[in-house]
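Asker: This is the structure I have questions about; it appears just below.
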Amino acid sequence: MAKGGLTSRILTPERKLSLQVFFSNKLAVVGLVIVLAYVADALIVQFAPWLIGLKHPFEVIPDYSNPVPQPPSWKHPFGTTYPGIDLLRAVIKAIRLDLGLSVVVVVPGALLGIVIGIVATYFGGWIDDVLMRLTDIFFSVPYLVLAIAIGYALGRTITSMVIALIIVWWPLYARYTRSVTLQVKELTFIEAARAAGASNYKIMFRHILPNALPPVLVQMSMDLGTIMIVISGLAFIGFLPVANIPELGYLTTLGLNYINTAPWTVLVPGVFIVIFAVSVYLLGMGLMDVINPRRRSSL
Amino acid sequence: MSGGREPIVTVRNLRLWYYTRRGVYKALNGVDLEVMRGEVLGVAGESGCGKSTLGLTIMGLLPRNAAIVDGEVLLDGFDVVKPLREYYKKAKRFRPDKNEDVLKRLHKEMTRIRGVKVTMVFQEPMTALNPVMPVGYQIAEVLLQHNMSLLAKRRLARAKATKDDVKEALNFLRANDYAGLIEYVKAKGLEGLEDQMLAIWRRRDLHDLVKEIRILNMCCDPVNPIIESGLKYTARTNKLPAAPVIRQLVRRELVKEGYRKAAEFLGLLDMPEPEKVVRMYPHELSGGMRQRVVIATAMINNPELVILDEPTSALDVTVQASILELLNELKQQTNAAFIFISHDLSVLYQVSDRIAIMYAGKVVEVGPRDAVFKEPKHPYTQMLMEAVPTLEPHELKGIKGEVPDLRNPPKGCMFHPRCPYAMPICREREPPMVDLGNGHRVSCWLYSGGERK
Amino acid sequence: MIIAGRGLKVYFPVKGVRGASVRAVDDVDIEVGEGEIVGLVGESGSGKTTLGRTLIRLIEPTAGEVLFEIPDHDLERYDEARERDDVETMKLISSKYSALRLKGKALKEFRRKVGIVFQDPYSSLDPRLRIADIIAEPMIETGAYDKDKAMERVVDLLEEVQLPPEFADRYPHELSGGQRQRVAIARGIATNPRFVVLDEPTSALDVSVQAEILELLRELRETHKMAMLFITHNISVVSYMADRIYVMYAGKVMEKGPKAEVIRKPAHPYTQALISAVPEVGRQMRRVVLKGDVPSLVSPPKGCRFHPRCPVAIGTCGWTADEVAEALRRVLEARYPELSQRARLRPLGELELEVKGLSASELKDVVERESEFNRALKSIQSMSEEGGRVVVRLTKYSEPRMIEVARGHMAACHLLSASS
């Protein structure tokens, strides 16, 4: 790169290589584009709904004057669902909520799991045993059942659902981080840090964490898709006793009675869930290629 | 002392480039080399010089992103790299997937050669061996794949031979008349018997008495009549019989025979208690024993060429010494040629007949061992010798600078940026290989009439 | 002495097997004087790497003492007290100089005064940190310098190891192996330590690069008067670098002494075998005498650890009934097949075994003929026919002590006490 200092400092040869590897994977690029589209949707609905003419960005507005679901038309490109809710608008709003909820579940859950995983693995001994048995307990119960139980116990609100899912989700990250930490722990530079007098805290969070993070981040991005499915699933089964929320799972329930005559009512929100899950998975696969050292060297 | 021998491998102007995301690495830049039948050629060089790549190329074991840009590799007359070279010359743009197709076809042709004519021994014995199979089986597998006929013949010979037959044969051995033994065995239709007898006779860990007892026991061991014709079929055709049940039974018998031969061979390699060892798993063996097993798999089928890539680098120095001694003996006993690749000049001195020094993908000097070691001509070779520490310490001199980035190799002679004798011509043109007599060749302008300023 | 290890034992528990441990270092004494380079030589399983790390407390010893910055006369007093089993005096001296009892600030002081350079330049540098951060870490963590001063020193240190100052902003993957090892050295000496452990610092490098690194280390020793423990399996390298040499085998010190002495006149059979196994350009190696492999460290050989492989072992070197039974069985199978058919061998205890099926005279015959090549048989003290079988009794063994061969040159071998 013949350009000046700043660009070549940001775009180091390694980073350029990462971009090259990523963009050579066509499917990953597709995934990225779609995910970015969802993110853009969420941001616009959250901060500038007037840009696309949404007056009520955080709830769906029923039209009881015309409750029967209408097929797609110029006025309603995705059709309408019971009771008279324009699907296009509803889906746009729902993407924001679902994506937001997924992030709110995955990020804290991952953080909690990562910290527990690193601490347990680094110290080993009884700390490791106790924490790992704890994660085992969580693993032995099917996560959906556990989430529902906790959610019900805390009252069936969106907040309680999020908390329940975080509680159910962190053990996965603890386990995952554990395997990566075990590998990194054996590397010589960790010993070097100890010889240099670094405290355990410093070693864990300055040396182990940055090196353990990349595969965990990939897992996090893929989990966004999984969690969205879970959240939609919970809404679908009626976990949330509220009405008129823009949520993809909830939206599918609205059309259930009309599924034979008006299949789009169920298909449209469902498809948007699936598209996201698939896209974020493809994105994750692309990221895995980027961090995989062998894929970086060969052609 | 390569006079009068003909080459089993001839490499001419070999150029190989690795296409990677980080750029194109010119790993081999015009390698010229021969390996004579029955000799040990040492290939020396530091990291990045291309010595391992050279070994892999001769075996045809290249990754898909390796492009043969020019040159030929004649293995007993067969040009290993021809299809790859032709693909590269025709292709407008190098595409690894197309290259891989060519490689796959090459693999098919090479299966006749690999394991039979040419074998390879790698650095890490633990990764070369399958951890879930007994080592005896892994050695036997080589024979099961390529030479079932020998195993069948051995078994049948023991079935057919009588007490008198083996007594006769033993007399030949006692008289050291190996040729006579082979003739006798042929005449009696007992091919395969001499293989077993010689293997026992040559062992050093057994007392002569014990050897004789074992040899005398190589008779009167009838084969189950069900499989006898199956075995005869295999002995004739080197394939398993087609009939379903017979096939499995014959195979089982051959595996047993394979274990037997594996134990014999390990005995020749100075493995203690080989009959016990063949049933053991790799992790139960020490590093030195494992490397002997790997050498056994490489040599049991009497190859014409064995390529060893840093075979002793992962071993302790005392274990290394015994492996080197073993190799020297194998050199005497077989007529295989060896290519011994190593970065360790002192190790190479112990085993090589001739030695080639590589730098940045080229052979810079090659010749008889004593000539090159005692009077190194190339500045790199000279500086390399001075950098090796010795038991009696001498002043160590390193080589300033770094090995060149092979994505952008220097113009002219590869070594000129680091050479204390660099002349203007060295920066401009690659020096030709000059013969200094006695098979000692060097690629350096100092010997090709370069002018100093 | 800068640092002295006394009676160091490092045992690692074996997973899943109660009571069993890997005795990586087993009762080792070692000392390094100011500004001295001590070479620690051994093959795999010798314990040299573990010992190096234990001296600077990267590994905590299971037993033994590490005395730091101890004047020679106090060390002598400690050794004398140890001879007499005078625990009181030992405790007194330990409390003053022991590195093992240090905590908190004192421990950080200790870490500042010692440094380490590791073998693998590829895994010893954190790939996520810049070179400057890597080199500065010991300075900051031990409190030797504050962040700004440390960064200034980084530039000086880079210069000392002959790297350009721009490298401070680079990442490890941008450097070659030799350059990374220079960074590792810069980090090792960053806090101006008095003692540096170098664990195979050049084993992963090309020989031409190694020469430069070794030269660099010698220069650093000149300028900074650092004491060094140079751990390696390469005897030629240690011959180049060290003032004194320790030779380790299976967790114990076999020989120690001035470099020239140990290499030219090795006293211990293991050292002799080791040196004769080193290949050199211009010299064809003689026939190898050493067979077998490094022993198990979980249940190491009794007496002298080297005795099963020693070509000149004698009766007191550590032979047990199991070993003698095995040796007899093998030699009978290989060379006396008729006797081998009849013989039934069974150990009766550590130093006794019974042989059925052979007469005492037959056995004596075999032993006489084979003991030169089968050293185990040298330990047989008596063979008597008792109740229809031959009872073979072995000499009691003992662990060889360090015996002085010449000034400062000692080896742990029974053969040496037999003479003089």
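The values are calculated or read from the model by the stated rules, or taken from the named source; none is laboratory data. Predicted model, so just to flag it, every value in this text is computed and none were measured. Reconstructed Cβ throughout: ideal geometry from the backbone, glycine too, with neighbour counts over all protein chains shown.
Asker: Among the candidates C:ILE135, C:ILE116, single out the residue that is surrounded by 16 or more Cβ atoms within 10 Å (Cβ to Cβ), within 14 Å of chain A (Cβ to nearest Cβ) and farther than 24 Å from C:LEU51 by Cα.
Answerer: Values: C:ILE116 fails: farther than 24 Å from C:LEU51 by Cα.
Going through C:ILE135, C:ILE116 in turn, just one is surrounded by 16 or more Cβ atoms within 10 Å (Cβ to Cβ), within 14 Å of chain A (Cβ to nearest Cβ) and farther than 24 Å from C:LEU51 by Cα: C:ILE135.
Asker: Could you please find all residues in region A:15-32 being away from chain B (no Cβ under 11 Å), part of a helix (DSSP H, G or I) and not aromatic (Phe, Trp, Tyr)?
Answerer: Across region A:15-32, the qualifying residues are A:ARG15, A:LYS26, A:LEU27, A:ALA28, A:VAL29, A:VAL30, A:GLY31, A:LEU32.
Asker: I would also like to ask the following. Taking the criterion of being surrounded by fewer than 23 Cβ atoms within 10 Å (Cβ to Cβ), part of a loop (DSSP other than H, G, I, E, B), more than 14 Å from every other protein chain (Cβ to nearest Cβ) and out of contact with any helix residue (DSSP H, G or I) (no Cβ under 6 Å at 6 or more places or on another chain), would at least one residue in region B:114-123 satisfy it?
Answerer: Looking through region B:114-123, at least one residue is surrounded by fewer than 23 Cβ atoms within 10 Å (Cβ to Cβ), part of a loop (DSSP other than H, G, I, E, B), more than 14 Å from every other protein chain (Cβ to nearest Cβ) and out of contact with any helix residue (DSSP H, G or I) (no Cβ under 6 Å at 6 or more places or on another chain).
Asker: Also, quick follow-up: So which residues in region C:109-126 are more than 27 Å from the chain's Cα centre (by Cα) and modelled with pLDDT under 90, if there are any at all?
Answerer: Selection gives nothing.
Asker: So which of B:LEU266, B:LEU254 ends up being surrounded by 20 or more Cβ atoms within 10 Å (Cβ to Cβ), over 25 Å from the mean Cα position of the chain (by Cα) and at pLDDT 90 or above? Break it down stepwise before answering.
Answerer: On the way: B:LEU266 fails: over 25 Å from the mean Cα position of the chain (by Cα).
Testing whether each residue is surrounded by 20 or more Cβ atoms within 10 Å (Cβ to Cβ), over 25 Å from the mean Cα position of the chain (by Cα) and at pLDDT 90 or above leaves just B:LEU254.
Asker: Now a separate question. Scan A:ALA243, A:ALA277 and give me the residue that is modelled with pLDDT of 90 or more and either buried (at least 22 other Cβ atoms within 10 Å of the Cβ) or within 26 Å of A:GLY151 (Cα to Cα) (or both). Explain how you work it out, then say what you get.
Answerer: On the way: A:ALA243 fails: modelled with pLDDT of 90 or more.
None of the others qualify; the one that does is A:ALA277.
Asker: Please go through region C:138-153 and give me each residue that is crowded, with 17+ Cβ neighbours inside 10 Å and either more than 22 Å from C:ASP120 (Cβ to Cβ) or aromatic (Phe, Trp, Tyr) (or both), ordered by number.
Answerer: Residues satisfying the conditions are C:MET139, C:ILE140, C:THR142, C:ALA144, C:TYR145, C:ALA150, C:MET151, C:ARG153.
Asker: Give B:SER346, B:SER313, B:SER322 a once-over and let me know the one that is without any contact (Cβ under 8 Å) to a residue 60 or more places away in the chain, small (Gly, Ala, Ser) and in contact with a strand residue (DSSP E or B) (Cβ under 9 Å, 6 or more places away or on another chain). Full working, then the answer.
Answerer: Numbers: B:SER313 fails: without any contact (Cβ under 8 Å) to a residue 60 or more places away in the chain; B:SER322 fails: in contact with a strand residue (DSSP E or B) (Cβ under 9 Å, 6 or more places away or on another chain).
Every option except B:SER346 fails the conditions.
Asker: Need at least 3 residues that are within 14 Å of chain C (Cβ to nearest Cβ) per element, so show me which helices (runs of 4 or more DSSP H) inside region A:184-299 make the cut, counting only ones lying wholly within it.
Answerer: Details: elements: A:188-195, A:209-236, A:248-254, A:264-291, A:293-297.
Once the helices (runs of 4 or more DSSP H) in region A:184-299 are filtered for at least 3 residues that are within 14 Å of chain C (Cβ to nearest Cβ), what remains is A:188-195, A:209-236, A:293-297.
Asker: Sticking with this one: Could you tell me whether any residue of region C:25-38 is over 11 Å from C:ALA4 (Cβ atoms) and within 14 Å of chain B (Cβ to nearest Cβ)?
Answerer: So far as region C:25-38 goes, yes, one or more of its residues are over 11 Å from C:ALA4 (Cβ atoms) and within 14 Å of chain B (Cβ to nearest Cβ).
Asker: Can you name the number of the only condition in (1) modelled with pLDDT of 90 or more; (2) touching a Lys or Arg at 6+ places or on another chain (Cβ under 7 Å) that C:LEU290 fails?
Answerer: Only one criterion is unmet by C:LEU290, namely (1).
Asker: Here is a further query. Condition test on C:ALA204, is it within 14 Å of chain B (Cβ to nearest Cβ) and part of a loop (DSSP other than H, G, I, E, B)?
Answerer: Details: within 14 Å of chain B (Cβ to nearest Cβ): yes; part of a loop (DSSP other than H, G, I, E, B): yes.
Here the answer is yes, as C:ALA204 does meet what is asked.
For (1) surrounded by 24 or more Cβ atoms within 10 Å (Cβ to Cβ); (2) over 16 Å from the mean Cα position of the chain (by Cα), each residue gets a yes or a no:
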site	(1), (2)
C:ALA211	yes, yes
C:LEU220	no, yes
C:LYS225	no, yes
C:ALA242	yes, no
C:TYR249	yes, no
C:ALA260	no, yes
C:GLN284	no, yes
C:ARG287	no, yes
C:PRO300	no, no
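Asker: May I ask you to say which residue of B:LYS374, B:LYS411 is more than 16 Å from B:VAL31 (Cα to Cα), within 11 Å of chain C (Cβ to nearest Cβ) and among the basic types (Lys, Arg)? Walk me through it before giving the result.
Answerer: On the way: B:LYS411 fails: within 11 Å of chain C (Cβ to nearest Cβ).
That would be B:LYS374, the only listed residue that is more than 16 Å from B:VAL31 (Cα to Cα), within 11 Å of chain C (Cβ to nearest Cβ) and among the basic types (Lys, Arg).
Asker: What number of residues within region C:318-374 are of a type in the set (Lys, Arg), more than 14 Å from chain B (Cβ to nearest Cβ) and either under 36 Å from the mean Cα position of the chain (by Cα) or more than 20 Å from C:GLU385 (Cα to Cα) (or both)? Don't jump to the end; show me each part of the working.
Answerer: The first filter runs over region C:318-374 and keeps only residues of a type in the set (Lys, Arg), leaving C:329-330, C:335, C:342, C:344, C:346, C:356, C:364, C:369.
Retained after the next criterion (residues that are more than 14 Å from chain B (Cβ to nearest Cβ)): C:342, C:344, C:346, C:356, C:364.
Next, only the ones that are either under 36 Å from the mean Cα position of the chain (by Cα) or more than 20 Å from C:GLU385 (Cα to Cα) (or both) stay: C:346.
Result for region C:318-374: 1.
Asker: Another one. Among the candidates A:GLY117, A:GLY113, which residue alone is touching a Phe, Trp or Tyr at 6+ places or on another chain (Cβ under 6 Å), in a helix (DSSP H, G or I) and over 27 Å from A:LEU248 (Cα atoms)?
Answerer: Details: A:GLY117 fails: touching a Phe, Trp or Tyr at 6+ places or on another chain (Cβ under 6 Å).
The match here is A:GLY113.
Asker: Being within 25 Å of A:GLU186 (Cβ to Cβ), in a helix (DSSP H, G or I) and not charged (D, E, K, R): is that true of C:ILE93 here?
Answerer: Details: within 25 Å of A:GLU186 (Cβ to Cβ): no; in a helix (DSSP H, G or I): yes; not charged (D, E, K, R): yes.
Criteria not met by C:ILE93.
Asker: Restrict the check to region A:222-231 and report whether at least one residue is in contact (Cβ under 8 Å) with a residue 12 or more places away in the chain, surrounded by 22 or more Cβ atoms within 10 Å (Cβ to Cβ), in contact with a Ser or Thr (Cβ under 9 Å, 6 or more places away or on another chain) and closer than 20 Å to A:PRO67 by Cβ.
Answerer: no
Asker: Can you list the helices (runs of 4 or more DSSP H) found entirely within region B:158-221 that contain at least 3 residues being out of contact with any helix residue (DSSP H, G or I) (no Cβ under 6 Å at 6 or more places or on another chain) and basic (Lys, Arg)?
Answerer: Details: elements: B:163-174, B:178-187, B:193-201, B:208-216.
Fully inside region B:158-221 and qualifying: B:163-174.
Asker: Which condition number in (1) part of a helix (DSSP H, G or I); (2) at pLDDT below 90; (3) buried (at least 17 other Cβ atoms within 10 Å of the Cβ); (4) away from every other protein chain (no Cβ under 14 Å) is the one that A:VAL180 fails?
Answerer: (4)
Asker: Could you say whether any residue in region C:176-186 is in contact with a Ser or Thr (Cβ under 6 Å, 6 or more places away or on another chain), under 21 Å from B:GLY48 (Cβ atoms) and surrounded by 21 or more Cβ atoms within 10 Å (Cβ to Cβ)? Talk me through it step by step, then tell me what you get.
Answerer: We begin by selecting, within region C:176-186, every residue in contact with a Ser or Thr (Cβ under 6 Å, 6 or more places away or on another chain); these are C:184.
Among the residues that remain, those that are also under 21 Å from B:GLY48 (Cβ atoms) are: C:184.
Remaining after also requiring surrounded by 21 or more Cβ atoms within 10 Å (Cβ to Cβ): C:184.
Yes, there is a match, as at least one residue in region C:176-186 is in contact with a Ser or Thr (Cβ under 6 Å, 6 or more places away or on another chain), under 21 Å from B:GLY48 (Cβ atoms) and surrounded by 21 or more Cβ atoms within 10 Å (Cβ to Cβ).
Asker: How do the pairs read when you match residues in region C:2-22 that are free of Cβ contacts under 8 Å to residues at least 24 places away in the same chain with residues anywhere that are surrounded by 14 or more Cβ atoms within 10 Å (Cβ to Cβ), using Cβ under 7 Å and keeping only pairs 6 or more apart or on different chains?
Answerer: Once the first residue is free of Cβ contacts under 8 Å to residues at least 24 places away in the same chain and sits in region C:2-22, its partners that are surrounded by 14 or more Cβ atoms within 10 Å (Cβ to Cβ) give C:PHE12/C:SER21; C:PHE12/C:VAL22; C:PHE12/C:ALA24; C:PRO13/C:SER21.
Asker: Checking C:GLN179 against (1) modelled with pLDDT under 95; (2) touching a Gly at 6+ places or on another chain (Cβ under 7 Å), only one condition comes out false. Which one?
Answerer: It fails just one condition, (2).
Asker: Follow-up question, since we're still on this one. May I ask you to say which residue of B:ILE355, B:ILE323 is within 11 Å of chain C (Cβ to nearest Cβ) and touching a Ser or Thr at 6+ places or on another chain (Cβ under 7 Å)? It would help to see each step written out before you state the result.
Answerer: Numbers: B:ILE355 fails: touching a Ser or Thr at 6+ places or on another chain (Cβ under 7 Å).
The unique qualifying residue is B:ILE323.
Asker: Continuing with this model, one more query. Looking at region C:173-193, I want the residues that are at the interface with another protein chain (Cβ under 8 Å from one of its Cβ atoms) and have a partner that is assigned to a helix (DSSP H, G or I) and among the hydroxyl-bearing types (Ser, Thr, Tyr) with Cβ atoms under 8 Å, at least 6 apart or on another chain. Which pairs are those?
Answerer: none
Asker: C:PRO121 fails exactly one of the following numbered conditions: (1) more than 9 Å from chain A (Cβ to nearest Cβ); (2) part of a helix (DSSP H, G or I). What is the number of that condition?
Answerer: Evaluating C:PRO121 over (1) more than 9 Å from chain A (Cβ to nearest Cβ); (2) part of a helix (DSSP H, G or I) leaves (2) as the failure.
Asker: Out of all the residues in region B:288-315, which are within 14 Å of chain C (Cβ to nearest Cβ), assigned to a loop (DSSP other than H, G, I, E, B) and crowded, with 22+ Cβ neighbours inside 10 Å?
Answerer: B:PRO311, B:THR312, B:LEU315
Asker: Hey, another quick one. So which residues in region C:229-287 are among the charged types (D, E, K, R), part of a helix (DSSP H, G or I) and within 12 Å of another protein chain (Cβ to nearest Cβ)? Step through it out loud before you land on a result.
Answerer: As a first pass, look at region C:229-287 and keep what is among the charged types (D, E, K, R): C:243-244, C:252, C:255-256, C:259, C:261, C:264-265, C:280, C:283, C:286-287.
The next check asks that each one be part of a helix (DSSP H, G or I); those that pass are C:259, C:261, C:264.
Those that are among the charged types (D, E, K, R), part of a helix (DSSP H, G or I) and within 12 Å of another protein chain (Cβ to nearest Cβ): C:LYS259, C:ARG264.
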